[in-house]
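The values are calculated or read from the model by the stated rules, or taken from the named source; none is laboratory data. The model shown is predicted, which means the values in this text are computed figures rather than measured ones. When we count neighbours, we look across all protein chains shown, and the Cβ atoms used for this are built from the backbone with ideal geometry, even at glycine. Areas reflect the complete protein model, heavy atoms only, side chains present, ligands, DNA and RNA absent. Shrake-Rupley method; radii C 1.70, N 1.55, O 1.52, S 1.80 Å.
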Amino acid sequence: MKSRTKVVVIGGGIAGCSTLYHLTEEGWSDVVLVERDELTSGTTWHSAAQVTNFGMNQTMVGLKSHSIQLYKKLRDDPAYPVGYHHGDGGIRLANTPGQMQGYRHFASMARGMGVTFEVIDAAECARRHPLISTESLLGGLWDGEDGDIDPAQLCQALAFHARRAGAEVYRHTAVTGLIQHGDDTWTVQTDKGNIDADIVVNACGYRVNEVAAMMGVQHPVASMEHQYFVTEDIPEIVDAGHRMPLLRCPISDYYCRQEKNGLLVGFYEQDCKTWGMDGISPSFANDLCPDDLNRVMDVLEGAFRRMPVLTRVGIKRVVNGPITYTIDGAPLVGPIPGKRNAFCIIGLRAGLGEGGGHGWLLAQQIVHGEACYDTWCLDPRRFAGHANVELTSLKAIEDYRNEFRFHFPHEHRPAGRPARTTPLTAVLAAEGAEFTVVNGWERVDYIKPDPAFHPTPGFDFDETFDLVAADVKAVQTAVGLTEVNGFNRIEITGADRHAFLDRMICGPVTKREGRVGLAYLLNHHGMIKAEATIANLPASDRGSARVWYGSAAASELHDMDWLRAHVREAEDVQFRSLTNDQTILVLAGPRAREVMRVVSRADWSKDAFPWLSVRECFIGFAPATVLGVSFSGELAYEIHVPNASLHAAYLALREAGKAHGMTLFGARAVEAMRMEKGFLHWKADLLTEFDPFETGLERFVTVDKGAFVGKDMLLRRHRDIGMRKKRVTLTVDASHAPAHPGASVMLHGKVVGTVTSGAWGHRVGLNLAYAFVAPDLAEAGTVMAVDLCGEMVTATVIDPSPYDPTHSIMRH
Ligand SMILES: Cc1cc2nc3c(=O)[nH]c(=O)nc-3n(C[C@H](O)[C@H](O)[C@H](O)COP(=O)(O)OP(=O)(O)OC[C@H]3O[C@@H](n4cnc5c(N)ncnc54)[C@H](O)[C@@H]3O)c2cc1C
């Protein structure tokens, strides 16, 4: 066994084997994998191992598609061939128009990744799968590349090829401890001796938190018991002369694929069970949980109705094994929050289908710092500290019960809520607020007209349309108030704070006290990493001179890790998170200044407090820090208040607002208004796949300012490659539905771009979308089409900021 290596991958299931293989593909051969038992002895060996292209966003589709391409290559490699039934085809069934509409959207989204899905009717489903009945069936989504793979052969093949490229695999070697040194390298302690390594990767499946504990962290991953059975041979299958397609059923919660000449049927029962919550026996390896088919009787009946042949055939084998879930159902693949040189590839619930792709994206992150796709949907930093294993278990149970039921736009399921609240949450609920969830925070979405109001879930504009229109109108003509909780706020102090930020930010950094600036941070490839509001606060009785770095609620751990990683040894810079201590009240509208004059003694005139100012003051008797910034495009104040005083500030503002017709508004109105302004959302429109020029942020880049992170690569790429895509604002010629993120932009039958955001602009009366399109199509007036859930709708490029393009209103 080596005593020193570059990377130690811990765990020899599909996650670990794929990571090891892809590290060697990326050119790193001094890498090892350690496995406590035999390869695949965790969950992988007994997996049903279905492999599909279907994913909820383009990154997921792209990585699954990579798995399929890789598995085909391995299948055909005579050096170590793998059993892979590629192309049996698979149907995701539907019995509601909403599901069918969703499938049309997913087909539109997948097309942008080069993947073809077909939406077919019930008769066509039955034609392609002769064993099913069409009772209560509307149709389904067809993936012609669906299939299944031999999981053990796959992992052995990946390990074989990795070994051939120089990697080493140590079986029967359990990791027992992890020690990180001052230079961020690691010593991996095993029962066979120590290995020093630059980087460690946790790929430990259901034992993820045993190894996480060795490095002092806990991951939001929980395990569920999951069962399938395999039938005896079925004469209809023997006689068919072709393999049966796969089925996935959101109506009765099961999947089904051919296994030899019988069927393998797996269940997502409502009466489901977590596993291993109180620890896992060290001897549980190559093992299964006891069968319990009684638990799946409810879903079994649905499967019998759909496939009557199942009632006539015997069961040969039952498999019940642990399967891991995270808080939102997607795995955690990437850097471990708060740690250096530590990565994970965990929480895989469809690890065979996805594992090839996850290992690929993780290896790219380890070797290059970033992957070819934006991997935020997989990033372990996307949940903050609130996401513990208890909360994850509640979401895991909910997710398991809804395995094949995708989330509709704006849908937030009830389990594990509320997780993060402010002193105002109950107050706003009493005012009729409906909440959306942002990084666990309950944030006002809109105000319900009555407690029984429930919009219809779907891809069309719903019953909130008129409510949002009224909220926007009130903000545009009078004044509105909303709470923005969870906003990430890092206080940066120290003499070198501005020099540090100057290096991190690609544009000018405002150093003047009392001033605010919007700034963009790039990664080392010159692509968009983060967006921040930089506010310079002078020394006061509340603290020394400092910068407030503000960014999206979801970026809490991501941005802190990025900033911390770039502080130089002798630099005088300190960080303190205020995210959980302060909450923002946003006051917006032409009467906002009048309200401020009533609640605060300061001079709020345009001269004394112009746009992009910051000052400390009191709102009534509540201490506050006020920023003159606007996401709505109206005159607005961002009022940051310590949570202890939040209710007091809110009452003062509400009281003062009465004379000015103040209303409450929520995130849906904000979304509509920011799109009319051309303002962007981090991880919707601000992605690591694009640089600031492609994103339309050239005015925030100062190329002649001296060194900043990403500058060299930005300039080199710009010189050598040029613009690959350009972000545009589109008007979509439809009044029934917005363009949804991921939808394909089409021209002459070809995909020329992808939508990142869409909403109705109530002030301009237009259906707006942002999309990244081919640069030659970015001119205003260019006409294309958006595939809006299967319907080709005309879309025209317009000015990026259709409402008040000169920003004169918000500067007023
Ligand atoms: C019944 C069932 C059916 C499934 N069907 C499908 C399907 O159809 N399609 C699909 O894509 N997915 C399916 N899955 C899920 C899929 O099998 C898993 O997502 C996948 O196998 C997880 O792989 P992994 O590498 O993350 O974990 P594992 O396979 O559990 O591997 C983790 C490895 O880490 C090792 N390890 C743990 N601790 C240590 C330590 N301290 N030191 C060294 N090594 C350690 C373990 O021994 C183990 O080998 C199914 C799962 C179940 C239970």
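For the range 568-634, applying the loop criterion from DSSP together with a ceiling of 13 other beta carbons within 10 Å to the GluC sites (Glu not before Pro) yields E569.
Kirkwood analysis of the range 1-57, using all unique Cα-Cα pairs, places the hydrodynamic radius at 12.9 Å. Helical content of the chain, expressed as a calculated mean residue ellipticity at 222 nm, amounts to -7500 deg cm²/dmol (DSSP H runs of 4 or more residues, -39,500 (n - 2.57) each, divided by residue number, nearest 500). Counting only Cα atoms, the range 492-568 measures 40, 24, 23 Å along its principal axes, largest extent leading.
Both radii come from the Cα set of the range 400-509: Rg as radius of gyration, Rh as Kirkwood radius; their ratio Rg/Rh reads 1.09.
Once the Cα atoms of helix 556-565 and of the chain are each reduced to a long axis, what angle between those two axes, in degrees from 0 to 90 to the nearest 10, is obtained? So the inclination is approximately 80 degrees. Dividing the convex hull volume of the alpha-carbon atoms in the range 523-638 by its residue count gives 140 Å³ per residue.
How are the C-alpha pair distances of the range 49-111 spread across 10 Å bins, as whole percents from the shortest bin up? Binned Cα distances yield the sequence 20, 42, 27, 10, 2.
The charge dipole of the range 75-157, taken about the Cα centre with unit charges on the Cβ atoms of Lys, Arg (+1) and Asp, Glu (-1), comes to about 300 debye, rounded to the nearest 20. The range 641-673 and the range 186-251 have their alpha-carbon centroids 47 Å apart. Each principal axis of the Cα cloud of the range 96-201 was taken in turn, and the coordinate range along them, longest first, works out to 61, 31, 26 Å.
Cysteines in the chain lacking any other cysteine Cβ under 4.7 Å from their own Cβ: C125, C204, C249, C256, C272, C289, C344, C372, C377, C506, C617, C789.
Separation of the range 448-504 and the range 281-338, taken as the distance between their Cα centroids, equals 40 angstrom.
Rounded to the nearest whole angstrom, the semi-axes of the ellipsoid equivalent to the range 571-691, taken from the Cα gyration tensor as √(5λ), stand at 25, 20, 15, largest first.
Can you give me the orientation-averaged projected area of the convex hull built on the Cα atoms of the range 116-170, in nm²?
For the range 116-170, averaging the hull's shadow over all directions gives 6.3 nm².
Pop out the carbon and sulfur fraction of the accessible area of the chain as a percent, whole number, probe 1.4 Å.
C and S atoms contribute 52 percent here.
Evaluated on the chain, the Kirkwood hydrodynamic radius is 28.1 Å, with distances taken between all distinct Cα atoms. Compared with the rule-of-thumb size 2.2 N^0.38 Å for a compact globular protein, the range 594-637 has a Cα radius of gyration ratio of 1.09. Binning all Cα-Cα separations of the range 699-746 at 5 Å, short to long from zero, yields these whole-percent fractions: 4, 13, 19, 16, 9, 13, 11, 9, 5, 1.
Rg and Dmax, both from the Cα atoms of the range 712-771 and both in Å, are 14.8, 45. Protein heavy-atom accessible surface, 1.4 Å probe, per residue over the chain: 36 Å².
By how many degrees, between 0 and 90 and to the nearest 10, does the Cα long axis of helix 14-25 differ from the longest principal axis of the chain? Roughly 80 degrees, rounded to the nearest 10. Cα extents for the range 132-269 along the principal axes, largest to smallest and rounded to whole angstrom: 64, 35, 26. Summary value for the range 198-284: 28 percent relative contact order, contacts being C-alpha pairs under 8 angstrom separated by 6+ residues.
Working from label points 7 Å from Cα in the Cα-to-Cβ sense, the T176 to D572 distance is 4.8 nm.
The per residue volume of the convex hull around the alpha-carbon atoms of the range 661-707 is 132 Å³. For the range 652-730, the Kirkwood radius over C-alpha pairs fed into Stokes-Einstein at 4 °C and 1.567 mPa s yields D = 82 µm² per second. Using C-alpha pairs below 8 Å separated by at least 6 residues, the relative contact order for the chain is 12 percent. When Rg and the Kirkwood radius Rh are both evaluated on Cα atoms of the range 251-357, their ratio Rg/Rh stands at 1.03. Output the relative contact order of the range 571-658, whole-number percent, from Cα pairs under 8 angstrom with separation of 6+ residues. Across the range 571-658, relative contact order equals 34 percent. Using 0.36 nm per residue and subtracting the Cα-Cα separation, the extra length available between D733 and H454 on full extension is 97.7 nm. When the Cα convex hull of the range 93-138 is projected onto planes of every orientation, the mean area is 3.2 nm².
The Rg/Rh ratio of the range 632-782, with both radii computed over alpha carbons and Rh defined as the Kirkwood radius, is 1.07. Taking the Cα centre of the range 146-216 as origin and assigning +1 to Lys and Arg Cβ atoms and -1 to Asp and Glu Cβ atoms, the resulting dipole is close to 260 debye.
Roughly what angle does helix 151-164 make with the longest principal axis of the chain, taking Cα atoms, 0 to 90 degrees, to the nearest 10? Taking Cα atoms only, the helix is inclined about 80 degrees. For a modelled paramagnetic label at A602, 7 Å from Cα along Cα-to-Cβ, the residues of the range 501-516 in reach, with backbone nitrogen under 20 Å, are 510-516. Around the Cα centre of the chain, unit charges on the Cβ atoms of Lys, Arg, Asp and Glu (plus for the first two, minus for the last two) sum to a dipole of about 1420 debye. Which trypsin sites (Lys or Arg not before Pro) in the range 562-614 sit in a loop by DSSP (not H, G, I, E or B) and have at most 14 other Cβ atoms within 10 Å of their own Cβ? Answer by residue number: R568, R601, K606. For the range 674-727 versus the range 379-421, the inter-centroid distance based on Cα atoms is 32 Å.
With the cut-off at 23 Å, report for the range 318-465 the share of all Cα pairs above it, as a whole percent.
In whole percent, the long-distance tail amounts to 48.
Between the listed residues P81, S108, C155, the Cα displaced farthest toward the positive end of the dipole of the range 71-155, a dipole computed from Cβ unit charges relative to the Cα centre, is found at S108. With 0.36 nm allotted per residue and the present C-alpha distance subtracted, the R564-S544 stretch has 5.2 nm of extension available. Shown for the range 610-675 is the translational diffusion coefficient from the Stokes-Einstein equation, using the Kirkwood radius over Cα pairs, a temperature of 20 °C and a viscosity of 1.002 mPa s: 165 µm²/s.
Under the combined filter of DSSP loop state and at most 11 neighbouring Cβ atoms within 10 Å, the range 1-84 retains none of its chymotrypsin sites (Phe, Trp or Tyr not before Pro).
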